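Okay, structure first, notes after.
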């Protein structure tokens, strides 16, 4: 049975493809996961200039309430900025903010087909021989993101550029605000961590960088040779301290129980790869601040997920699972980073 | 666990019923039921010990905070409400200890917080 969105997507593409006729959408199906956006894949076929055309595409649509409140315009701009660069990303095709077309705002991108994203599959043993190569690519690409000039990429036009000594406060204020808004129960460990972070601020950022915001194993497409073909999930992209991005992957949650950064290799090795690619330094004390911050940020995301369910904005099971699976683990990660566990 | 187990089970019941109807796209049915199975597994894991954990923790918190009393109503919702009250007081006590520079008091509170994460630890915990 064809998905009910297919004729509506076909109508939209007809309006966006001048000269195209007989636009048809086939095989539209939702991809599991995606707690911050509904993600669908489909194949578009049309005729143009007498020729038959075909392209596989991805639709990312805003849900009623999200695990992460993000600005899709910013996400779209981040993808576009890096397309064709040393940071592999899918090509963005259309951004649509008028809900008249598909009930909620959305964007459409090319599909990078034939690759995997699952960290569970990656770390199950079948990819062990290529994990060193994949790790090298993972932190080299992150270094490229850190090295990039946000102004040259045009991103200072769509993203706020905080002062170098204000990056940490902007982020901490934002994520503490998520706790204030969404917490359904007292959170003594996270609140203690926030007090520590405010009492021990990091030094100013070395430079203002693009921060992906969710760069971890699971948010890129890989193949069996250990190559990375697309960095995904830019919905938390912003401008800030490049150490923030490096530290997000060092949240103990993302070790996947293997005691390795990203489940892939020792942290010091990851830092060395990133430093070589970015040309930046990872001061240990500053990096520690950002790792603890990212544990707090992670907890805010899981709390927000629970909050969306409790408030009734989004009752999907994908909103419950992160909260049940990760709230306590994230508390334990905070204790571990603070030297309390 | 948060959201509370009864509210989640009620939602999952509706979700399973909707997925039992014809016309649900197969990938969405598979995703919904797969996640539902994982959530039911977690609920099953914590259910037997939920009341005991809350009673144990509330007792430990009262001792730490110098309160007397005991849990008389063993409904999970009542135990959880009392737990929330006590953990709110624990945050206040921790702030007071930090401001007073009372390291022994801070250490005792951290010990309880560490114990609280052990009580809540699930079999698939990543940390």
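The values are calculated or read from the model by the stated rules, or taken from the named source; none is laboratory data. Remember, it's a predicted structure, so these values are computed and weren't measured experimentally. We place every Cβ from the backbone using ideal geometry, glycine too, and count neighbours over all the protein chains shown.
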Q) Could you say which residue among A:245, A:233 is part of a loop (DSSP other than H, G, I, E, B), more than 9 Å from every other protein chain (Cβ to nearest Cβ) and within 28 Å of residue A:114 (Cβ to Cβ)? A) A:233
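Yes/no per residue for (1) in contact with a helix residue (DSSP H, G or I) (Cβ under 6 Å, 6 or more places away or on another chain); (2) not in a loop (DSSP other than H, G, I, E, B):
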position: A:101; (1), (2): yes, no
position: A:113; (1), (2): no, no
position: A:130; (1), (2): no, yes
position: A:166; (1), (2): no, yes
position: A:169; (1), (2): no, yes
Q. Taking region A:180-190 on its own, how many of its residues are assigned to a helix (DSSP H, G or I) and either closer than 16 Å to residue B:94 by Cβ or within 11 Å of chain B (Cβ to nearest Cβ) (or both)?
A. 4
Q: May I ask you to say which residue of A:270, A:308, A:205 is crowded, with 23+ Cβ neighbours inside 10 Å and not in a helix (DSSP H, G or I)?
A: A:205
Q: Could you check residue A:304 against (1) closer than 30 Å to residue A:180 by Cβ; (2) away from every other protein chain (no Cβ under 14 Å) and say which number it fails?
A: (2)
(Q) Here's a check for you: in region B:58-116, which residue that is in contact (Cβ under 8 Å) with a residue 40 or more places away in the chain and within 12 Å of chain A (Cβ to nearest Cβ) is nearest to the chain's Cα centre (by Cα)? (A) B:80
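Quick one: which of A:281, A:314 is within 27 Å of residue B:7 (Cα to Cα), surrounded by fewer than 22 Cβ atoms within 10 Å (Cβ to Cβ) and in contact with a helix residue (DSSP H, G or I) (Cβ under 7 Å, 6 or more places away or on another chain)?
Details: A:281 fails: within 27 Å of residue B:7 (Cα to Cα).
Sole residue among the options that is within 27 Å of residue B:7 (Cα to Cα), surrounded by fewer than 22 Cβ atoms within 10 Å (Cβ to Cβ) and in contact with a helix residue (DSSP H, G or I) (Cβ under 7 Å, 6 or more places away or on another chain): A:314.
With surrounded by fewer than 19 Cβ atoms within 10 Å (Cβ to Cβ), within 14 Å of chain B (Cβ to nearest Cβ) and farther than 26 Å from residue A:162 by Cβ as the only criterion, which of A:276, A:258, A:332 stands out?
Values: A:276 fails: within 14 Å of chain B (Cβ to nearest Cβ); A:332 fails: surrounded by fewer than 19 Cβ atoms within 10 Å (Cβ to Cβ).
Exactly one of A:276, A:258, A:332 is surrounded by fewer than 19 Cβ atoms within 10 Å (Cβ to Cβ), within 14 Å of chain B (Cβ to nearest Cβ) and farther than 26 Å from residue A:162 by Cβ, namely A:258.
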(Q) For region B:19-49, give me the residue count where each residue is under 30 Å from residue B:108 (Cα atoms) and within 13 Å of chain A (Cβ to nearest Cβ). (A) 3
Q) What do you reckon, is residue B:27 surrounded by 14 or more Cβ atoms within 10 Å (Cβ to Cβ) and either touching a residue at least 40 places away in the same chain (Cβ under 8 Å) or not assigned by TED's automatic domain parsing to the domain that holds residue B:74 (or both)? A) yes
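Considering every residue within region B:2-18, establish whether at least one is assigned to a helix (DSSP H, G or I), within 12 Å of the chain's Cα centre (by Cα), facing chain A (nearest Cβ under 10 Å) and crowded, with 17+ Cβ neighbours inside 10 Å. Quick ask: steps written out before the conclusion?
Going through region B:2-18, the residues assigned to a helix (DSSP H, G or I) turn out to be B:5-18.
Checking the rest, the ones that are also within 12 Å of the chain's Cα centre (by Cα) come to B:5.
So of that shortlist, the ones also facing chain A (nearest Cβ under 10 Å) come out as B:5.
Pick out the ones that are also crowded, with 17+ Cβ neighbours inside 10 Å and you get B:5.
Yes - at least one qualifying residue is present in region B:2-18.
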